[in-house]
């Protein structure tokens, strides 16, 4: 794709030489994948890749003449690997078996990565940081991956397409978030974790007969937004949050922020010490807002199920249409190490609160018994990634969009679409 370097000399025309060429090229892609997952695409240089494989930068440019060409190849290979897993699972006889197989293959890959015998898949959230010419073909490949994933559910009527799209989105987001939390488990626990995650997807959180009727929380349940302008400062937090969600950490540059606000760099540094301070405050603000909603829901509901559904409904509404959405944690791969550590710690504390709700809900019988650690991480990933469904949600009534997306976890991924749509 693009103008990626391809061999044209006699050096790679024989099978043996071609094999050596492919081995070196794969080694470069492996090294670049690890660096992109650790530091982000923008911070990954040809020099860093050459150092990782102990080649000169000139040698690397024989395979990839520019950094953006290398990044494109890394992400294209990631799409191919993800698509191959979906294709392998598509031969299973039922939707449940296909989804189970997809997750099984990803758990096996993570086990190989932990053992040092496998190469991780590049983090796709970094695709959004690339220039249009590189990004657009990759986004088309992602559309193909998404459609193949949605096809795991088999044939369905056109009326069920929004629901099936929501299910495919949640499955992919769960897979993308998996490396962040699965590393806390020993490899010999992976089989149990896989089994519990499949149980969650197949049977959902709600006990049989439980409906969806979330209590409406106050409009300010997420706490008073920080009013920068009232303090004589431009709305740096709001703009930075949107840029992070759309273009990642590197995309939220000081230049882009001040351009959007039509202020000078001097104004930025008058109010803030630096970009990392602003980015960290965006995440801190998001986690404070989530905690505020969780507390408001706990005070409003009569049982833990009502607490959970009120929290989910409020945060999904915020992500679908709110002027100030939550900061996407998918951007954390490119964050500086100290910022990333704090974001992960705060994310874990947020998930812990969900877990406590699930435990107490199971004790009182309002929530089905599930593994609270696994389910809480899945809930967090679901609500965080709801931001990416804004266009999807805009095509229907807001309450319907929230109900459909929530049903992926409350009713499970395989509940009868007709029943879900009738409820909606």
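Stretched out straight at 0.36 nm per residue, the stretch from residue 62 to residue 364 would grow longer than its current Cα-Cα span by 102.3 nm. Compared with the dominant Cα axis of the chain, that is its longest principal axis, helix 275-300 is turned about 30°. Does the stretch 229-423 classify as rounded, prolate or oblate by the C-alpha gyration tensor (a ≥ b ≥ c root eigenvalues; a/c under 1.5 gives rounded; else a/b over b/c gives prolate, otherwise oblate)? Cα axes put the stretch 229-423 in the prolate bin. Using only Cα atoms and rounding to the nearest 10 degrees, what angle (0 to 90) does helix 132-150 make with the longest principal axis of the chain? Between helix and principal axis, roughly 50 degrees. Ordered by the number of other Cβ atoms lying within 10 Å of each residue's own Cβ, fewest first, 293, 258 fall into the sequence 258, 293. Sorted fewest first by neighbouring Cβ atoms within 10 angstrom, 58, 357, 327 come out as 58, 357, 327. Model label points for residue 159 and residue 20, set 7 angstrom from Cα along the Cα-to-Cβ axis, are 6.4 nm apart. Treating r as the C-beta distance of residue 394 and residue 146 and R0 as 25 Å, the FRET efficiency rounds to 0.90.
Relative to the dominant Cα principal axis of the chain, helix 337-364 is inclined by about 40°.
Be a star and scan the stretch 290-320 for residues whose amide nitrogen sits under 18 Å from the point 7 Å along the Cα-to-Cβ vector of residue 422. Nothing falls inside the zone, counting backbone N under 18 Å. Full extension of the segment from residue 132 to residue 97, taken as 0.36 nm per residue of separation minus the current Cα-Cα distance, would add 8.9 nm. Ranked for footprinting exposure by Cβ neighbours inside 10 Å, fewest first, 194, 106, 307 give 194, 106, 307.
Read the figures in this text as sums done on the coordinates, not as results from a lab. What you are looking at is a predicted structure, and each value in this text was computed from that prediction instead of being measured. Using ideal geometry, Cβ is built from the backbone for each residue, glycine included, and neighbour counts are taken over all protein chains shown.
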